[in-house]
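Visitor: Take this structure, written in structure tokens, and hold onto it; I'll ask about it next.
The values are calculated or read from the model by the stated rules, or taken from the named source; none is laboratory data. Worth saying up front: this structure is predicted, and the values here are computed from it rather than measured. FYI the Cβ positions are ideal-geometry reconstructions off the backbone, even for glycines, and counts take in every protein chain you see.
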Amino acid sequence: MSLPENFQFEKVFEVGAYQVHPHGNMRLSCLADFFQEIAWKHADSEGFGRSILEQQLMWALSRIEIKVSQFPRWGDRLRVFTGGRGQAGAFAFREFMVWNEQEQVVARAMSSWLLVHIEKKRILKPDSVLPGSLFNPLVAPNWQPIKLEASGPEIAYESISVQHSDLDLYNHVNNTSYIRWIENSAAARGIFPSQLAVNYLSECKGGDVVHLTLLDHGNAPYFQGRVQDKLVFEAQIQFE
């Protein structure tokens, strides 16, 4: 069966009661969990997922942009699609699309990934492990997650201690944990964004204390996370 829009892999998910806000809409962090899971499933099925650990290599999410047009709710069955969208320099691009049961697009996301040598902390060219048939090294997508340039006056500040449940297989903070922190900070101010962009800038580990700052920028405020003086991520949300 062919997939829409030249996507290469799909998986069906059901939204659980534990994945929604009290008002019933799905959390962005839980939607990002689905994206992370299907990305691994696709990579494993084509031989560039967990198998590259044998070469001391790993995929590091560098940037992601998520745009939700209609929030899924508890019990919704979603078809999530993903596929390679080319390469540019050190970046490999992966797109996601989400259908509801009526085959309506309810969310899209684009992500950029880096291939990193675990021990040497060196960034390698992604085409050294990626099949060119799925990630064309000569083509890059028109939609690429942008480099954020946070600005605006500081309007809120909090400190977050990294917990064991925040960590991934590599003992680093999972990319979806950052999104959860952002959502929690926004929700405390009555803000529930429908768009999110994150730049992951430096690794963050268990025991770190992340100083999270919210910067005013109208209906598109920024977040910055620092460990001591090191900037570990920047993000921007948009809401109506």
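Visitor: Residue by residue through region 121-145, note down the ones that are over 24 Å from Glu234 (Cβ atoms), without any contact (Cβ under 8 Å) to a residue 40 or more places away in the chain and part of a loop (DSSP other than H, G, I, E, B). First the steps, then the outcome.
Guide: Of all residues in region 121-145, those over 24 Å from Glu234 (Cβ atoms) come to 124-125, 127-139.
Checking which are without any contact (Cβ under 8 Å) to a residue 40 or more places away in the chain leaves us with 125, 128, 132-133.
If the condition is that a residue be over 24 Å from Glu234 (Cβ atoms), without any contact (Cβ under 8 Å) to a residue 40 or more places away in the chain and part of a loop (DSSP other than H, G, I, E, B), then Lys125, Gly132, Ser133 are the ones that fit.
Visitor: Further question: Any idea which of Arg50, Arg63 is outside the structural domain of Tyr178 (by TED's automatic domain parsing) and surrounded by 15 or more Cβ atoms within 10 Å (Cβ to Cβ)? Give the steps one after another, and end with the answer.
Guide: Details: Arg50 fails: surrounded by 15 or more Cβ atoms within 10 Å (Cβ to Cβ).
Every option except Arg63 fails the conditions.
Visitor: Taking region 117-145 as the region of interest, how many residues are exposed (fewer than 13 other Cβ atoms within 10 Å of the Cβ) and within 20 Å of Asn175 (Cβ to Cβ)?
Guide: 1
Visitor: Just to check your reading of the model, which residue among Met97, Met110 is in contact with a Ser or Thr (Cβ under 9 Å, 6 or more places away or on another chain) and under 20 Å from Gln8 (Cβ atoms)?
Guide: On the way: Met110 fails: in contact with a Ser or Thr (Cβ under 9 Å, 6 or more places away or on another chain).
After ruling out the rest, the residue left standing is Met97.
Visitor: Examine region 153-163 for a residue that is on the phi > 0 side of the Ramachandran plot and not assigned by TED's automatic domain parsing to the domain that holds Asp33, and state whether such a residue exists.
Guide: Within region 153-163, the subset on the phi > 0 side of the Ramachandran plot is none.
No, region 153-163 contains no residue that is on the phi > 0 side of the Ramachandran plot and not assigned by TED's automatic domain parsing to the domain that holds Asp33.
Visitor: Quick check on this structure: which one of Leu61, Leu57, Leu31 is at pLDDT 95 or above and over 21 Å from Met97 (Cβ atoms)? Outline the logic, then answer.
Guide: Working: Leu61 fails: over 21 Å from Met97 (Cβ atoms); Leu31 fails: over 21 Å from Met97 (Cβ atoms).
Of Leu61, Leu57, Leu31, the one residue that is at pLDDT 95 or above and over 21 Å from Met97 (Cβ atoms) is Leu57.
Visitor: Does Leu148 fit the bill of being surrounded by 12 or more Cβ atoms within 10 Å (Cβ to Cβ), in a loop (DSSP other than H, G, I, E, B) and outside the structural domain of Trp181 (by TED's automatic domain parsing)?
Guide: Values: surrounded by 12 or more Cβ atoms within 10 Å (Cβ to Cβ): yes; in a loop (DSSP other than H, G, I, E, B): yes; outside the structural domain of Trp181 (by TED's automatic domain parsing): yes.
Against the criterion (surrounded by 12 or more Cβ atoms within 10 Å (Cβ to Cβ), in a loop (DSSP other than H, G, I, E, B) and outside the structural domain of Trp181 (by TED's automatic domain parsing)), Leu148 qualifies.
Visitor: For region 153-225, which fully contained strands (runs of 3 or more DSSP E) count at least 1 residues that are touching a residue at least 24 places away in the same chain (Cβ under 8 Å) and within 14 Å of the chain's Cα centre (by Cα)? Reasoning before the result, please.
Guide: Details: elements: 154-161, 195-200, 209-215.
Qualifying strands (runs of 3 or more DSSP E): 195-200.
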